[in-house]
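None of the figures in this text is laboratory data; all of them are computed from the coordinates on show. Please read these numbers as outputs of a predicted model, since none were measured by experiment. A quick note on method: Cβ atoms are made from the backbone with ideal geometry, for glycine too, and the neighbour counts reach across all protein chains shown.
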Amino acid sequence: MSDAFNSECPAREVLEHITSRWGMLILAALGEGPRRFSELHATIGGISEKMLSQTLRTLVRDGLVTRTVEPATPPRVSYELTPLGRGLTTSLEQFLSWIRKHTIDVVTAQRRHDKQHG
């Protein structure tokens with residue numbers, strides 16, 4: 001069992017990949033089904049093509065996403081979650097649901113704090 005609190009544990013790197021802003025959004029987008037690169041880029045506002053490509057490579061290396069190249073001209077590349085990645089996105093959906101539900105509460109707390117300590 002891994003211990004992400006230990007700085008030498010590989011779980012720390014896995015945690016970083018999954019919880020990065022782009023990693024989490026890519027995994028959530030792929031939770032809806034396989035997507036092509038261009039579809040992911042259009043879905044995830046603000047991500048550069050370079051960052052999308054880099055993050056996808058990391059998630060493929062981690063075994064969370066699979067990359068499939070379909071023989072065509074030009075080649076069609078699609079990405080989808082592996083069984084390992086699907087297991088993770090179940091938990092991520094709960095996390096993202098909490099964020100959607102409580103964003104206004106957090107923003108309100110931030111504004112209150114800034115007004116008191118501004």
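What's the ranking of 64-76, 104-116 by average number of surrounding C-beta atoms within 10 Å, highest first?
Numbers: 64-76: 11.5, 104-116: 9.6.
Put in order of decreasing packing, that is 64-76, 104-116.
Could you put F37, F5 in order, starting from the residue whose Cβ has the fewest other Cβ atoms within 10 Å? Before the final figure, lay out each step's value.
Details: F37 16, F5 8.
The order, fewest Cβ neighbours first, is F5, F37.
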Note to self: Run the simple label-point estimate for H102 and L84 please: 7 Å along Cα→C-beta, distance reported in nm.
What the structure shows: 2.9
Notebook entry, point to check: Over region 1-113, one equal point on each Cα, no solvent: what is log10 I(q)/I(0) by the Debye formula at q = 0.13, 0.17, 0.19, 0.20 Å⁻¹?
Noted result: -0.58, -0.90, -1.05, -1.11
Margin query: From Cα pairs below 8 angstrom and at least 6 apart in sequence, can you work out the relative contact order of region 1-60, rounded to a whole percent?
Written below: 27
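When a footprinting reagent is the concern and you count Cβ atoms within 10 Å, what order do W22, W98 take, fewest first? Mind showing how you got there, number by number?
On the way: W22 19, W98 10.
Neighbour counts put them in this order, fewest first: W98, W22.
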Note to self: For Cα pairs less than 8 Å apart in space and 6+ apart in sequence, what is the mean separation divided by the residue count of region 11-117, i.e. the relative contact order in percent?
What the structure shows: 26
Notebook entry, point to check: Relative to the present Cα-Cα distance, how much length would full extension add between S91 and A11 at 0.36 nm per residue of separation?
Noted result: 27.1 nm
